[in-house]
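Here's the structure we're looking at; comments come further down.
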Amino acid sequence: MAQGTDGLPPQRTLEELKAEAQARADRNGYPLLGIKPEDAREALGKLTSLDRDEWAAAWSAIGDRYAAEAESLAAKDPRRADAVYLQAWRVYSFARWPVPNSPGKQRAYDRALEMFAKHRAIQDPPVEEWKIPFEDSEIITYRQLPKGNDKVPLILAISGADSRKEDMAERFAPLLNHGIGLVAAESPGTGQTPVKATPTADRMHSAVLDAIFKMPRVDTSRVLVYGGSFGGYWAAKLAVKERNRLRAVVAQSPPVHVIFQSDFIRNQTLGNREYLFDLGPALMFMGENIRTLDELCEQFGKLSLVDQGIIGQPTAPMLVIHGVHDTQVPMEDIDLLLHTGDVPKEAWINPSGGHMGRQPKGWTDAAIFKHVTTPWLVRKATESEPVL
């Protein structure tokens with residue numbers, strides 16, 4: 001997007017961004033998952049610059065249309081209204097993507113939360129907004145449990161730098177059909193989190209686990225964690241620090257060490273074209289009052305799991321998912337995670353995949369979740385043999 005107060009250049013020209021965004025919408029590719037190609041064509045056609053508020057306005061106009069339609073349906077056809085609320089949420093969420101770092105994007109994010117709340121209210125079993133007291137603030141999560149009164153396994157799903165807890169709640173809802181509950185949370189420095197991304201911010205997720213372990217219906221011997229992209233960073237860290245409480249952990253394309261080095265940030269992150277746009281600004285948004293590239297490198301350098309002494313320690317059982325051609329999180333980071341410690345790890349590495357192991361065709365986000373992530377989580381959540 002346009003160079004703003006962050007002082008970083010855009011990754012793509014306007015025409016390049018339009019072409020790439022439309023191509024991803026046409027194939028239902030991230031981050032336009034679920035957005036209709038014709039809606040993308042309409043919004044992108046309105047853009048005359050890379051201004052962030054112009055981006056938000058173009059997409060929000062479509063979101064407004066869906067919101068009005070959903071409201072007109074709410075009383076007479078709640079099921080149809082639900083589908084339209086969900087579409088409104090998707091469009092508003094992309095209007096604020098990757099982060100709400102302008103007034104227009106913040107308004108779009110607020111509207112996305114409103115639409116998702118309307119969607120949540122219609123679900124059965126209910127998707128509850130669960131506020132967990134934390135230090136002098138609170139952690140806002142979503143909680144959804146299978147119907148019944150029996151104790152159930154539960155997955156804590158952590159979103160990434162640009163996804164949100166709403167994405168996790170929607171993606172993991174099908175696991176209720178396997179008798180598994182869900183708590184959807186966010187990466188520090190994103191969404192509605194009370195802390196920024198610092199070396200100690202994992203205490204936020206430990207507090208969520210504390211609350212989960214007090215839930216009467218949770219089988220505390222069967223609590224799992226999933227994290228994707230930057231959420232995978234926190235998942236990998238929890239696999240060590242919370243290993244005695246966790247049944248298993250999935251870390252999908254987790255940043256570990258190389259990604260946090262100044263040379264990588266300057267030479268690889270800022271110009272990355274696998275990411276649609278504004279990867280540098282998205283990372284800056286996650287930190288504590290980061291205003292310059294030097295401040296980004298300084299703060300993110302402290303997040304290295306090698307320098308923190310995390311890599312090499314025993315972990316909970318893990319599945320690591322990745323693509324060899326990932327340009328956002330290098331394969332070297334995954335090798336560090338897989339080749340250290342004293343607990344065997346399972347891995348699904350796509351030799352033709354990019355970030356998250358995905359490909360434009362074949363191993364899409366949906367295919368990986370259906371055929372890799374879900375079966376592994378269900379197996380670990382329900383297997384009867386003891387966890388070693």
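For the range 178-196, state whether one or more residues are of a type in the set (S, T, N, Q), in the same structural domain as VAL256 (by TED's automatic domain parsing) and under 23 Å from GLU383 (Cβ atoms).
Checked the range 178-196: no residue is of a type in the set (S, T, N, Q), in the same structural domain as VAL256 (by TED's automatic domain parsing) and under 23 Å from GLU383 (Cβ atoms).
Find the residue count for the range 81-103, including only residues that are in contact (Cβ under 8 Å) with a residue 60 or more places away in the chain and either among the β-branched types (Val, Ile, Thr) or assigned by TED's automatic domain parsing to the domain that holds GLY189 (or both).
Qualifying residue count, the range 81-103: 1.
Only one residue in ARG266, ARG243 is outside the structural domain of THR327 (by TED's automatic domain parsing) and over 23 Å from PRO31 (Cα atoms), so which one is that?
Of ARG266, ARG243, the one residue that is outside the structural domain of THR327 (by TED's automatic domain parsing) and over 23 Å from PRO31 (Cα atoms) is ARG266.
Kindly indicate whether any position in the range 104-119 is of a type in the set (Gly, Ala, Ser), in contact (Cβ under 8 Å) with a residue 40 or more places away in the chain, outside any helix (DSSP H, G or I) and surrounded by 20 or more Cβ atoms within 10 Å (Cβ to Cβ).
No - not one qualifying residue is present in the range 104-119.
Residue-by-condition table, conditions (1) closer than 19 Å to LEU279 by Cβ; (2) out of contact with any Asp or Glu (no Cβ under 9 Å at 6 or more places or on another chain); (3) among the hydroxyl-bearing types (Ser, Thr, Tyr); (4) not assigned by TED's automatic domain parsing to the domain that holds GLU114:
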residue	(1), (2), (3), (4)
GLU15	no, yes, no, no
ALA21	yes, yes, no, no
ALA40	no, no, no, no
LEU47	no, no, no, no
ARG79	no, yes, no, no
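Of everything in the range 270-284, what is under 14 Å from PHE300 (Cβ atoms) and either touching an Asp or Glu at 6+ places or on another chain (Cβ under 6 Å) or buried (at least 21 other Cβ atoms within 10 Å of the Cβ) (or both)? Give them in sequence order.
Across the range 270-284, the qualifying residues are LEU279, GLY280, PRO281, ALA282, LEU283, MET284.
Any residue that is among the charged types (D, E, K, R), farther than 24 Å from LEU17 by Cα and not in a loop (DSSP other than H, G, I, E, B) - is there at least one of those in the range 262-271?
yes
Kindly evaluate ILE290 against the criterion of being surrounded by 21 or more Cβ atoms within 10 Å (Cβ to Cβ), aliphatic (A, V, I, L, M) and part of a loop (DSSP other than H, G, I, E, B).
So ILE290 passes the test.
Closer than 23 Å to VAL256 by Cα and either of a type outside the set (Phe, Trp, Tyr) or at pLDDT below 95 (or both): is that true of GLY181 in this structure?
no
Might you let me know whether the range 355-377 holds any residue that is in a helix (DSSP H, G or I) and farther than 23 Å from GLY29 by Cα?
yes
Is at least one residue of the range 314-324 under 19 Å from THR198 (Cβ atoms) and either touching a helix residue (DSSP H, G or I) at 6+ places or on another chain (Cβ under 8 Å) or assigned by TED's automatic domain parsing to the domain that holds LYS370 (or both)?
Checking the range 314-324: not a single residue is under 19 Å from THR198 (Cβ atoms) and either touching a helix residue (DSSP H, G or I) at 6+ places or on another chain (Cβ under 8 Å) or assigned by TED's automatic domain parsing to the domain that holds LYS370 (or both).
Mind counting the residues in the range 321-340 that are touching a residue at least 60 places away in the same chain (Cβ under 8 Å), under 20 Å from VAL240 (Cβ atoms) and in a loop (DSSP other than H, G, I, E, B)?
1
Kindly indicate whether any position in the range 226-236 is surrounded by fewer than 24 Cβ atoms within 10 Å (Cβ to Cβ) and aliphatic (A, V, I, L, M).
The answer is no, given that none of the residues of the range 226-236 is surrounded by fewer than 24 Cβ atoms within 10 Å (Cβ to Cβ) and aliphatic (A, V, I, L, M).
The values are calculated or read from the model by the stated rules, or taken from the named source; none is laboratory data. Please read all numbers here as calculations on a predicted model, not as lab measurements. Glycine also receives a Cβ, built like all others from the backbone with ideal geometry; neighbour counts cover every protein chain displayed.
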